[in-house]
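Report on the structure given below.
No lab work stands behind these numbers, since they all come straight from the coordinates. This is a predicted model, so every value here is computed, not measured. Backbone-built Cβ (ideal geometry, glycine too); neighbour counts: all protein chains shown.
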Amino acid sequence: MIGDRIAGATRRVAPTGWGEMKRNAVWNVVMLLVLAACSDNKAAEQRIFVTSVNGGEILRSDVETGGVRTTDSVEIKVRNDTKAGSGTAPTSTGTGSTSTDSTTTTGSAGATAQDVVVTKYKVSFSRADGGPVPGAFEGGTAIYAPANGSEGTGRIAVVLGSHKGSSPLSELAGGGSFTATARIELAGEDRAGNNASTVAYLTVSFGNWSDTTTTTTP
């Protein structure tokens, strides 16, 4: 009996719902960590924008130029609105570089950690009428866009010469045309390793356009 009274006196009964309270507390901590991570990722996103593609003009893609299927490339400008912080990155030599798909303008002295280099892109097509389009492809580039609202300029391929020898572009050699929208996805990193990406669109008119010839009078 005495033992029972002692055991009863020392026994502690957990409040109703105590296990649930602990689970809720753990869940709240987990959610705070997730939200903090999301906040950090959002803060790390670089605000880059495409300000110009092909000078704002429609791209007229000729499926044959003098009997040759050439790749159509356009100039593209990328602005980096990220504010430069106190950190700095190794300075660039300011020299340009050339990739298989594009020529680029890269680097300037006094680079900061918030400067962005666009290193790759993807082009895909769609038509309003749902018709067939050239296949999507990816390319490499190196467009350097300094922080504080500065722009970087480069050239990227939009229509590959190899596409012009395949359907649906090959059929246009005998006549006809169609218009498609090119979706251009750009991606890269700032010098601190944070991801940066943006999307732009370009209207492309495909056809076997008349080749321009120049005649010189003796």
Original post:
Between VAL199 and GLU57, 0.36 nm times their residue separation minus their Cα-Cα distance comes to what?
Top reply: 49.4 nm
Original post:
If all Cα-Cα distances of region 161-201 are sorted into 5 Å bins from 0 onward, what percent lands in each bin, rounded to whole numbers?
Top reply: 6, 17, 16, 14, 11, 11, 9, 8, 5, 2, 0
Subject >> Sites PHE49 and THR70 - FRET efficiency at Förster radius 30 Å, r taken between beta-carbons, to 0.05 >> reply: 0.55
**OP:** Provide the packing ranking of 171-181, 144-154, 187-197, i.e. peptides ordered by the mean count of other C-beta atoms within 10 Å per residue, highest first.
**Re:** 144-154, 187-197, 171-181
Subject >> Amide H partners (placed H, <5 Å) of ALA84, local residues excluded >> reply: ASN148
Original post:
What are the ³J(HN,Hα) values, in whole Hz, obtained from phi via the Karplus relation 6.51 cos²θ - 1.76 cosθ + 1.60 with θ = phi - 60°, for each residue of region 53-65 in sequence order, with x given for Gly and Pro?
Top reply: 10, 6, x, x, 9, 5, 8, 8, 8, 8, 5, 9, 10
**OP:** For SER61, list long-range residues whose amide hydrogen, built 1.01 Å from N in the peptide plane, is under 5 Å from its own amide hydrogen.
**Re:** SER205, PHE206, GLY207
**OP:** Note the full-extension length gain between GLU138 and THR153 as 0.36 nm times their separation in residues minus their Cα-Cα distance, in nm to one decimal.
**Re:** 3.5 nm
Subject >> Extension gain from ASP81 to ARG127, taking 0.36 nm per residue of separation minus the Cα-Cα distance >> reply: 13.4 nm
